[in-house]
Amino acid sequence: LFSMQLSHLRPMSATPEFAEQIAQIEQLLHRDRVLAQQMIESLMAESRLQHDAVGFISAVEMQSQITYGIAILNVQYEALQMAQNHHLFAAEARLLNLIGRAYYAAAQYQEAMQTWGRCLEVAELSAEYTAWIKAKMGVGQIYDALGDPSSAVKMHQEAIDRSQALHDDWSSLQAPANVGVNLHRPRRRDEAQ
């Protein structure tokens, strides 16, 4: 899945060494996070030195699977700036989603809402629909956190509709779970079930 994402990030093909590093890190993310973290940091440093936007963005996206919230916000913004400078719109959408998630985790809802709103625009333009679905679900989670379950249900239903049209298995499982939580709050238990 990740190598498919790389294919539309970089106008030229990735070197075999780069692809091998990414594959190794992906395997380690689930088995040895400490070693994966070290390899990610090395890839980030190497990518910075070589002014390799794709490598740096890839490393930041992987780092976001290990480090969550505000702790990684600075490097996410650094990667976002690289994506914008190199017109890597799909990467920009994915990074905006990650930044929105970091703000949401810190309960900074206004910043999260603004970031996810921008993500929705960029994701639609770049056809990065997985980022669009995740951002739409994030906006729904904000509405839920602010006590507006009806708006939350609407956002999650839009995410469900898009994920079903794309046959996106992850989103097809995640979005209905969020709708169920949102329907449960206003005591619409039968629908939530």
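The values are calculated or read from the model by the stated rules, or taken from the named source; none is laboratory data. Computed from a prediction, not measured in an experiment: that's the story for all the values here. Positions of Cβ are backbone-derived with ideal geometry, glycine not excepted, and every protein chain shown enters the neighbour counts. Note: accessible area is taken over every heavy atom of the protein model, side chains too, but ligands, DNA and RNA are not part of it. Shrake-Rupley method; radii C 1.70, N 1.55, O 1.52, S 1.80 Å.
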Checking the conditions here, which among 150, 172 is at pLDDT below 90, out of contact with any Lys or Arg (no Cβ under 9 Å at 6 or more places or on another chain), part of a helix (DSSP H, G or I) and open to solvent by less than 60 Å² (accessible area, probe 1.4 Å)? 172
Expected single match for assigned to a helix (DSSP H, G or I), among the acidic types (Asp, Glu) and buried (at least 16 other Cβ atoms within 10 Å of the Cβ) among 121, 61 is 61
All conditions in (1) farther than 23 Å from residue 39 by Cβ; (2) modelled with pLDDT of 95 or more are true of residue 70 except (2)
Based on what the data block shows, is residue 31 part of a helix (DSSP H, G or I), among the basic types (Lys, Arg) and either modelled with pLDDT of 95 or more or more than 18 Å from the chain's Cα centre (by Cα) (or both)? no
Determine whether the range 92-106 contains at least one residue that is over 13 Å from the mean Cα position of the chain (by Cα) and open to solvent by 60 Å² or more (accessible area, probe 1.4 Å). no
Scan of the range 64-83 for residues that are part of a helix (DSSP H, G or I) and open to solvent by less than 80 Å² (accessible area, probe 1.4 Å), ordered by number: 69, 70, 72, 73, 75, 76, 78, 79, 80, 82, 83
Meets criteria (more than 17 Å from residue 101 (Cα to Cα) and open to solvent by 70 Å² or more (accessible area, probe 1.4 Å)) for residue 134: no
Looking only at the range 137-147, how many residues end up being small (Gly, Ala, Ser) and loosely packed, with under 15 Cβ neighbours inside 10 Å? 2
